[in-house]
Amino acid sequence: MQKNVPRGTKRLSMFDKTYDVIVVGGGHAGSEAAAAAANMGSTTLLITMNLQNIAQMSCNPAMGGIAKGQIVREIDALGGYSGIVSDTSAIQFKMLNKSKGPAMWSPRVQSDRMRFAEDWRNMLENTPNLDFYQEMVVGILTKNDACIGVKTSLGLTIKSRTVILTNGTFLNGLIHIGEKNFGGGRAGEKSATGITEQLIELGFDSGRMKTGTPPRVDGRSLDFSKMIEQPGDDNPQKFSYLNTTSPLTNQRSCHMSYTSPVVHDLLKTGFDRSPMFNGRIQSVGPRYCPSIEDKINRFSEKERHQIFVEPEGWNTVEYYINGFSTSLPEDVQFKALRAVKGFEKVKFFRPGYAIEYDYFPPTQLQHTLETKLVKNLFFAGQINGTTGYEEAASQGLMAGINASLSVQNKPPFVLRRDEAYIGVLIDDLITKGTEEPYRMFTSRAEYRTLLRQDNADLRLTEKGYRLGLADESRLRLMENKKQQSESLVSFFKSQSVKPEEANPVLESKQSSPIRQSDKVFKIFSRPNININDVRKFEAVNQFIESNDLSQEIIEQAEIQVKYSGYIAKEKNNADKLTRLEYVMIPDAFDYSQIKSMSSEAREKLNTIRPKTVAQASRISGVSPNDISVLLVFMGR
Ligand code: FAD
C-alpha cells in the first residue's frame, strides 16, 4: 500500500477529455492537419513518436519544385503553414521553368533542414487549441464502425471524435543498406507497429512501397572548384502571400557534378549485394526519383548522370547529394562517390539507404480523406501511397479541415480538379488509386493554365477565409492584388496607342507596324511583345507609376493578357465538366444491373463507389461510353 495517498483516490488520467481531433504523426501531413484542425477551433491532440522530429525532412532539404511549388502556394493561400515555414527557413530560392509559359513556373527553395523543423514546432506551439504528446500509437479505438480514439504502446487510451493517421514511412518500416536490413521508420528512428495489423483485421487492404535517400557528406571534404556553381535567383521571391517574411537578401549556392563510366563500374561491383537486385526488396519505388543503381541499370546507354550538391543549412557543413539515392552497401557507396569529380576526398556523415513501408490503397477513402470503412477515421500523407513533403502536407491540411468540419457538423470541403492541384491530387488518389509512390506533376492537371503558382491566392484565399483558416489580413491582401491587377488589365483594354508611338517599339521587336491607333491589350497580346515593351508607351508607364503597382501585380496582369485565350478555353472546358461534378450517384447504386456497361467498369465502379458522374468518368477502365450508359440509366 502506497503511503500518503488518501483513500479512495482514483488513478488520474492524463487524458480525461475527449478531443475533437487526434492527429497521429508529426510529419508534414500531421503538422498541417493539426494546425488546420486547431485553427478551425477543434480541440486537437498531436501525438507523435518523437516531438524532437516534428516536420522532419526525411530526404532532401528542399520545398517546392515543379508542380510541388504550386501545391505549397495553395496550402499557403488556404491558411496552412508550409509556405510560411518554407520562407523562414529558406537558404536559396529559384523559380523553375521560367523559360516556359507561366503555367509551368514553379517556385522551389533550398531549406535549412534544422530551422525548418524548429520553425514548424514554434508555429505549432503558438497555435491555440493544440496539445502535444510523445508516444507510439498502436491502434485505434472503434465503436459501431466508427473511430472513437487511439491506444498507445504504454497502454493509454485517448478518446476523440475523429482520428487522422499520418504515419508516413513508419508502418512496419524496414531499412536496407546493402545486405543489412533492420526495422526503422527513418534512419535513427524506430518503426511503428500494430496499426497495419489492426486495420487489416478491420477489413482494410494494405500494400508495400519503398523509397530511398542518398548519402550526406562533409562539405569540408569537397572540392567545389571542380563543380559547377548553381546560385539562387537574382530576384528571389517567396512562397507565402503574407508579408510575414521578406525575400532572401543572401543565399547559399548549390553545386553540380556528374557521375562517369568509372563511377558506374564501381557501383556495379555492389549489385550482387544490393537488396534492389538480389530480390530482397520487392515493393515498388518512386519511378521519377530512382536510385543511382536503378538509373545506371535502366539507362545503361547514358555515360553520366547529374549530381546536385545541396547545403543542408546556413550553419552546417553537411551536404545532401541529390541524384545519388542508393541502398548499395555503404563501402560501395563510398568508393563510387570518391570517383566523382570534386568528391575525391569525401567524408561521409551518413550513408544512403532504402526503406520499405506499409501503405493503404487510397481508393478506400472518400474525397474528404475519411475512410469508407470506418467513420471518423482519416488518412493523410505517405500512408496513402504518395511521396513528397508537399503532397503529404496538402493532404494533411485537407484531412484536418474535413475532420474539423465533421466534428462541427458542417458540409465537407472538397477542391475540384479545376480549382487546385490539391484537388487533382486527391481526386487521382481516390478515383484511380496508385500502385507506385504518387508524385505530383504539372501533366497530371488538365487545367494547368488555370492552376498557376501566381494565382493560388486568387483561387483559394476566400475559401480558406470562409473555413476560418485564412485570416482577414490574408483576404485583404488578395482582394487588393485582384483589384489592382484587374484595373491594369482594364487599362490595357481601354487605352489606345498611336502608330507614331507604337511602331518604333514594334519594329525593334520585328513585329509588324500598325496603321492606325490600336488598343494596348492587342499589341501586348502579340507573342514577342513583353511588359518592358509596352512600358515604353507613356500612358502605360504613367498608369503603373502613378498607381505604384508592384512587380507581382504587373506580372499577374501580364499573364492575364498573354494567356487570355488559353485561360478562357480551359475555363470553358472546366465549366462543362463541372456540370458532371454535380450529378450525384446515389450511395447504394447497383452497377451490376447495367448490363450494357463493360464488366471492368461495373467492377471498378462497384469497388470505388464514386459520388459523382465526373468522378466516375476519371476512374481508369471506365470509358466515355460507360459514362453515357450510366447517364441514360440514371435518367439524364
Ligand atoms: P513522415 O514525414 O514520414 O512523418 C510521419 C510521422 O509520423 C513521423 O513523425 C513519425 O514519428 C510519426 N509516426 C508514425 N507512426 C506513428 C505512430 N504509430 N504513433 C505516433 N507517431 C507515429 N520524398 C520525395 O518526394 N522524394 C524522395 O526522394 C523521397 N525519399 C525518401 C527517402 C526516405 C528514406 C524517406 C524516409 C522518405 C523519403 N521521401 C521522399 C518521402 C518524404 O519524406 C515523405 O513523402 C514525407 O515525409 C511524408 O510525410 P508524412 O507526413 O506522410 O510522413
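No lab work stands behind these numbers, since they all come straight from the coordinates. Values in this document were obtained by computation on a predicted structure and should not be read as measured data. Don't worry about glycine lacking a Cβ; one is built from the backbone with ideal geometry, like all the others, and counts go over all protein chains shown.
Here are the numbers for the structure shown:
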| quantity | calculated |
| --- | --- |
| Ordering of 453-461, 393-401, 155-163 by burial proxy (mean other Cβ atoms within 10 Å per residue, highest first) | 393-401, 453-461, 155-163 |
| Interchain or long-range residues, amide H under 5 Å from F378's placed H | V163, I164, L165, T371 |
| Listed peptides 101-112, 191-202 by packing density, highest first (mean Cβ within 10 Å) | 101-112, 191-202 |
| Kirkwood hydrodynamic radius of segment 370-487, from inverse mean 1/r over distinct Cα pairs, in Å | 15.5 |
| For D131, residues with placed amide H under 5 Å, excluding near neighbours | T44, L45, L46 |
| Selected from F239, S291, G279, residue furthest toward positive end of dipole (segment 218-293; charges at beta carbon) | G279 |
| Table column - 3J(HN,Hα) (Hz), segment 87-101, Karplus curve with 6.51, -1.76, 1.60, x for Gly and Pro | 6, 5, 9, 6, 10, 7, 10, 9, 8, 7, 6, 5, 6, 9, x |
| Where Rh is the Kirkwood radius over Cα pairs, Rg/Rh for segment 536-576 | 1.18 |
| Ordering of 76-86, 532-542 by packing [mean C-beta count within 10 Å, highest first] | 76-86, 532-542 |
| Dipole of the chain, positive end: most advanced residue of Y591, S58, G79 [Cβ charges, Cα centre] | Y591 |
| Segment 174-285 - Kirkwood radius from inverse mean 1/r over Cα pairs (Å) | 19.2 |
| Rg over Rh [alpha-carbon atoms, Kirkwood Rh] for segment 343-385 | 1.38 |
| Set K94/K226; K100/K536; K190/K302; K68/K159; K238/K509; K372/K595 screened for pairs whose C-alpha atoms are more than 30 Å apart | K190/K302; K68/K159; K238/K509 |
| The chain: Rg to Rh, with Rh as the Kirkwood radius over Cα pairs | 1.00 |
| Per residue Cα convex hull volume in Å³ - calculated over segment 85-241 | 232 |
| Sequence-distant aspartates and glutamates (8 or more away, or on other chains) whose Cα lies within less than 18 Å of K180 | E189, D272, E293, E330, D331, E356 |
| 5 angstrom amide H check on V138, placed H, neighbours 5+ away | K151, T152, S153 |
| ³J(HN,Hα), Karplus 6.51/-1.76/1.60, whole Hz, each residue of segment 267-280, x for Gly, Pro | 4, 5, 5, x, 4, 5, 9, 8, x, 6, 9, 9, x, 6 |
| Convex hull of segment 571-610 built on C-alpha atoms - directionally averaged projected area, nm² | 3.5 |
| Under Karplus coefficients 6.51, -1.76 and 1.60, residue-wise ³J(HN,Hα) of segment 449-464 in Hz, glycine/proline x | 5, 7, 9, 9, 5, 7, 10, 4, 5, 5, 7, 10, 4, 5, 5, x |
